[in-house]
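Have a look at the structure below before the remarks.
Nothing in this text is a laboratory measurement; each read-out follows from the coordinates by a stated rule. Note that the coordinates shown come from a computational prediction; the quantities given were computed from them, not determined experimentally. Reconstructed Cβ throughout: ideal geometry from the backbone, glycine too, with neighbour counts over all protein chains shown.
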Amino acid sequence: MSTHEVEIKIPLKEREVAGVRSKLNALGAKPIEKVREIDYYVDLRGLIDVLHIPKDIVLRIRHKKGASRESCEVTFKGPRKSDEVKLREEITLLIDDCSKALEIIKHLNLKTLTVVKEREVYGLGDLKIYVDNVEGLGWFIEVEGMGMDVSRFKHLLSELLGKLGLSGREYIIRSYLELLIEHYEKAGKYRRINN
């Protein structure tokens, strides 16, 4: 079954993180979990022209490790449908073993690009809120609505950002992968992990 995600992210300074957490708690946001996520994005660039697929689709293998459990999932993200927020179809499948999925990718002679983050997940009404520390990029707050239209999301987002003291902050609709690639290209490094 597929759904669509609507999301944005805002960079945070490290000194802002404790205040954001405190305000989320004061708003009644429910802490769901703290996890370490390793995202392996399959580099599909070599297949785009051959298979005639859109350039901005994503295939991600995510290894998630929390205090009490570990999981693995494969996610397909369709082309973006908005310039205002990150809006795209998303299909996720839980799998038993990330290493086997990565082995399949290797046997297909495909490469992966890796994003590692420490993530705190909160629920607040119809929103999921993530406080992320992304290796190589720093701190972010990401706000996500699943299966809702853009106008409802923007309304809820505006209310939330006001209550968190983040109104007027410019938000980002690019993925952490895109931000990391940009960061490493500027630094003269390109963080590609060869399987």
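Residues in segment 126-142 carry Karplus couplings, in order, of 8, 10, 10, 10, 10, 9, 10, 10, 9, 4, x, 10, x, 8, 8, 10, 10 Hz; the curve used is 6.51 cos²θ - 1.76 cosθ + 1.60 with θ = phi - 60°, and Gly or Pro positions show x.
For segment 60-74 versus segment 39-57, the spacing of their alpha-carbon centroids is 23 Å. Sorting Glu135, Glu5 from the fewest to the most surrounding beta carbons within 10 angstrom yields Glu135, Glu5.
The structure shown yields Cα extents along the principal axes in Å, and of the options [x] 68, 48, 28; [y] 59, 36, 26; [z] 49, 39, 35 that calculated value carries the label [z]. Counting only alpha carbon atoms, the long axis of helix 98-107 and the longest principal axis of the chain meet at about 40°. In sequence order, segment 73-87 has phi-based couplings of 8, 10, 10, 9, 10, x, x, 5, 10, 7, 9, 8, 9, 7, 10 Hz under the Karplus curve 6.51 cos²θ - 1.76 cosθ + 1.60, θ = phi - 60°, and Gly or Pro positions carry x.
Annotation note: chymotrypsin sites (Phe, Trp or Tyr not before Pro) in segment 109-155 located in DSSP loop regions with a Cβ neighbour count of at most 12 within 10 Å are absent.
Expressed as an acute angle from 0 to 90° and rounded to the nearest 10, what is the orientation of the C-alpha long axis of helix 14-26 relative to the principal long axis of the chain? Here the helix axis deviates by roughly 60 degrees.
Our coupling estimate for segment 147-154, obtained by passing each phi through the Karplus curve with A = 6.51, B = -1.76, C = 1.60 and θ = phi - 60°, is x, 10, 6, 4, 5, 5, 4, 5 Hz, Gly and Pro reported as x. Counting only DSSP H runs of at least 4 residues, each contributing -39500 (n - 2.57), and dividing by the residue count of the chain, the helix-based mean residue ellipticity at 222 nm comes to -8500 deg cm²/dmol.
Just want to confirm a number: the relative contact order over the chain, from Cα pairs under 8 angstrom separated by 6+ residues, in percent.
30 percent
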